[in-house]
Structures are given as C-alpha cells and as structure tokens.
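Structure first, then comments.
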Amino acid sequence: MAKSLFFGGKGGVGKTSCATAYALSCANAGWNTLLVSTDPAHNLADLFGRQPGPTPTRMRPGLDVIELDPDHETKRYLDQVKDTIKPMVSGERSAAVFRQLDLARHAPGTEEAALFDALVGLLLDTGPHYDRLIFDTAPGGHTVRLLALPEIMGVWVDGLMQRRHKVRSDYKAWLGDGEVVDDPIQEALMRRRGRLAAAREHLTCPAHSAMILVANPERLPALETARTRDLLEANGLHVGAVVINKCLPTTVDSQWLANWREEQRPWIEQLETSFADRTCIRIEHQPHAPASIDDLRPLSDALGVLSPWQAHA
Amino acid sequence: MSRADDERTASAGWRTRVKRLIEGYDSVLSLQHRREIIRELQDEEDLFMLLCFCDMMGIPNPVGDMTLELYPYMLDRFHEWHQRQGMPRSPLDGFRCC
C-alpha cells in the first residue's frame, strides 16, 4: 500500500518547494512517486518544463505530477451534488436547491470539502498504483475534526433523513406498493461515508501516513505551527517532522541582513524546542525562487533523509 | 310502544352512552400520548435546528459541507419549521426555502 506524506503550513512558507524536492528524492531512490499540488500559484510547469494537469503526468522517471485546481474541484464537487439531487426534486423546488448550492460555492468550508473529496479519490483510487503519494497541502481544520469524530456524519445524516423516510414509507403504503425505491441521495451519502471511513483508516495509520509541518523562523508561523501540531495529533494524525524553511545563511552580505538573521534565531530555537521529540530540519533561504530542478537540490538533500512513517509495532 | 320496546330503547341509550364514554376516555389517553410525541418531535426539531445553524451559534459543524446532497431535506424541514413558528416567509436571506 502507498505511503502518503502531507506538507502542511501557512501560505508562502515553502510547502510546494519542499514537497517537490522530497518527491524528487523519492523518485531518485527508486519509489514510484505521485506528487499532488493544490497550490494555484505553483510554478511546477516552469520547474519541469511541462504543465501538470488533473490526471497524472509523467515528469521524470518514477515521478508523476497531478495538479488540483481548487476552483475546478469545487465546481466539479457541486456539479456532482446537483446530478445526484436532480432526479429527486422537481421544477420550483430544484430552482431553490440549485440556487442554494451556487451560494455554497463561496462558503468557506465548501472548497475544503471539495479538495478533501479529491484527496480521498487520490488515496483510494490512484494511490494503489504508486509507492509514495506526496501532497503540498494537509487536511484542513474541519476535515481533521471530522476524522476524529466520524460518528458526527452518522448523526447528521440520519437526523436529517429520518422525516423523509417516514413520509416516503407512508406514501408507499398508501399506494400499496411494497417495492423499495432506491434513494440516490441516500446512496450517494452512504458511498461517501464508506470512502471517508477508508480514507480515515489510511490517514490515521502512522505506518502509512504522516504530516510534515513547514514553518518560517518568524513569530506567527512559529506559534501557529505548534498549534497546528497539537490539532493534528489530537485528532489521530501523525506529525513526523518540522521543516524550518528560509533560514538566513551565516554568510550574509550586509549588516541589515545580519540583523534579520539574528531576529530569526529565537524562533528557530523555539521551534526546535517545541519539536524536540520530532525530526527538525533547517533549510537555508535560497538566493532566488526555484526556477529549475537544480535549484531544488539543496532542499532535496536536506529532506531526503526523512522517512517519517512509523514501522509497524 | 310495548314495555319490551321501552326496555330495548333504554338499554340501547345506555350502551351508546358507555360507548361514547369509552371513546372519550380513549381520545383523552391518545391526546396525552400525542402530546408526548409532539414534544419529542419538537425536541427533534430543536436538535435539527441546532445542527443546521450551529455555525451561526459558534459551534463548528464539520459535516455540513460534505453532505450537500441533503439540501432538499434541509430546505423542506426549515420551511416547515418557520411556518410552524408563525413566520410566513423564510427569515433567513441566505436560505431560500420559499
């Protein structure tokens, strides 16, 4: 079964660069690797000289890349919901429901749900073809809580569907029709529950799945990263390491930069203290943004040692 | 009318009264039962309202976005609820059940 690795952290800390660098070292080590990017601003096309798409594209020997466009995935997710609902509502009703769904497109949780749905698909359907799945994102807060309390979904769905069951069965009884009609909504929800359960098995198994938190040596990222680790671990997800990215190198050009390097020091120490029981990797700030695979070599070298999955006890 | 007829009429009248008494007692019993059921349903509605709108009350609902297929049911139940509460139109701008 594939092992999956998720690089989490706030925007701009270097998740995509780290994930790409790590995926490259996996491929070089001989693992059949899939890199998944959800970063809409990534420059993977520049790095690989080829534009990745929503299906796996072979970029290097042993390395395929998929790009998940959040807007695209949200639209696809909502269209799927509409297709499921359509046969169940008529005319006026369907206009109200579809209008509501279009409003949902911009609700904060919808994109997270859509991306997680795509992620589940990759884990369950695409994953088995690879040895390593590397993601430049980690499951969001809502998803993480749901993974810890899957019963919530049962309570919610059963509670809302109960009344409908009663109405339907009465109607059927009145018609004298004893046949059980498949409810496509119920089917879709049961299918999703099953897939979430399977994904949860994988994600909460430290032998198969791990999170790497990427931080920059500044106040806000340092504090957030510790909080994020607590949230993930409280909900059954294993955090394997912290990557402290964009550390100003010792050989800096000016007093001005030396000052900023000094400002970083306490935050590097803080992070290394919070993560004393985990692997800490420092990565130096590079002279420019990565424009080629070679530019990622220092990152690959620093990260290549990571094997954060726990062996079976 | 004969004495026998009188007696028959009298006992028929008595039977009707007893029957009405029993029916009345029955409806009292079932009214109690119905009240309990109604109370239970209202509790269910409270739970339903809580689940639907807990986001607004500051309680996170991680599941709602993954169960959008339930919208038709939510719209129906919310619509019934606001009508029961005496609101002829939907009180929420963002939730158009009617």
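Scan region B:78-98 for residues that are touching a Leu at 6+ places or on another chain (Cβ under 7 Å) and either buried (at least 20 other Cβ atoms within 10 Å of the Cβ) or away from chain A (no Cβ under 11 Å) (or both) and jot them down.
B:Cys97
Could you check region A:117-164 and list, in sequence order, the residues that are part of a helix (DSSP H, G or I), farther than 19 Å from A:Val65 by Cα and among the hydrophobic types (A, V, I, L, M, F, W, C)?
Correct list: A:Val144, A:Leu146, A:Leu147, A:Ala148, A:Ile152, A:Met153, A:Val155, A:Trp156, A:Val157, A:Leu160, A:Met161.
Just for region A:134-143: of the residues that are of a type outside the set (S, T, N, Q) and buried (at least 21 other Cβ atoms within 10 Å of the Cβ), which one is farthest from the other protein chains (Cβ to nearest Cβ)?
Checked region A:134-143; the qualifying residue farthest from the other protein chains (Cβ to nearest Cβ) is A:Ile134.
Does region A:107-121 include one or more residues that are farther than 26 Å from A:Ala27 by Cβ and more than 18 Å from the chain's Cα centre (by Cα)?
Yes, that holds for at least one residue.
Determine whether region A:148-164 contains at least one residue that is at pLDDT below 95, farther than 27 Å from A:Arg76 by Cα and loosely packed, with under 15 Cβ neighbours inside 10 Å.
yes
Evaluate the following for A:Glu111: is it among the charged types (D, E, K, R) and in contact (Cβ under 8 Å) with a residue 40 or more places away in the chain?
yes
Kindly evaluate A:Thr250 against the criterion of being of a type in the set (Ser, Thr, Tyr), surrounded by fewer than 18 Cβ atoms within 10 Å (Cβ to Cβ), modelled with pLDDT of 95 or more and over 18 Å from A:Val13 (Cβ atoms).
Considered against the rule, which asks whether it is of a type in the set (Ser, Thr, Tyr), surrounded by fewer than 18 Cβ atoms within 10 Å (Cβ to Cβ), modelled with pLDDT of 95 or more and over 18 Å from A:Val13 (Cβ atoms), A:Thr250 comes out as no.
Mind listing whichever residues of region A:15-28 are surrounded by fewer than 24 Cβ atoms within 10 Å (Cβ to Cβ) and out of contact with any Leu (no Cβ under 8 Å at 6 or more places or on another chain)?
Hit for region A:15-28 is A:Asn28, nothing else.
Taking the condition more than 7 Å from every other protein chain (Cβ to nearest Cβ), at pLDDT 80 or above and surrounded by 13 or more Cβ atoms within 10 Å (Cβ to Cβ), does B:Glu69 pass?
No.
Can we say A:Ile244 is modelled with pLDDT of 95 or more, closer than 26 Å to A:Thr137 by Cα and either more than 15 Å from the chain's Cα centre (by Cα) or polar (S, T, N, Q) (or both)?
yes
The rows are residues; the columns are (1) farther than 30 Å from A:Glu284 by Cα; (2) touching a Gly at 6+ places or on another chain (Cβ under 6 Å); (3) in a helix (DSSP H, G or I).
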residue: A:Ile185; (1), (2), (3): yes, no, yes
residue: A:Leu189; (1), (2), (3): yes, no, yes
residue: A:Arg195; (1), (2), (3): yes, no, yes
residue: A:Met211; (1), (2), (3): no, yes, no
residue: A:Pro221; (1), (2), (3): no, no, yes
residue: A:Glu224; (1), (2), (3): no, no, yes
residue: A:Arg227; (1), (2), (3): no, no, yes
residue: A:Asp230; (1), (2), (3): no, no, yes
residue: A:Gly236; (1), (2), (3): yes, no, no
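What is the residue count in region A:1-16 for residues that are assigned to a helix (DSSP H, G or I) and polar (S, T, N, Q)?
Selection size over region A:1-16: 1.
The values are calculated or read from the model by the stated rules, or taken from the named source; none is laboratory data. Treat the numbers as computed from the prediction; the structure is a model and nothing was measured. Glycine gets a Cβ as well: all are built from the backbone with ideal geometry, and neighbour counts include every protein chain shown.
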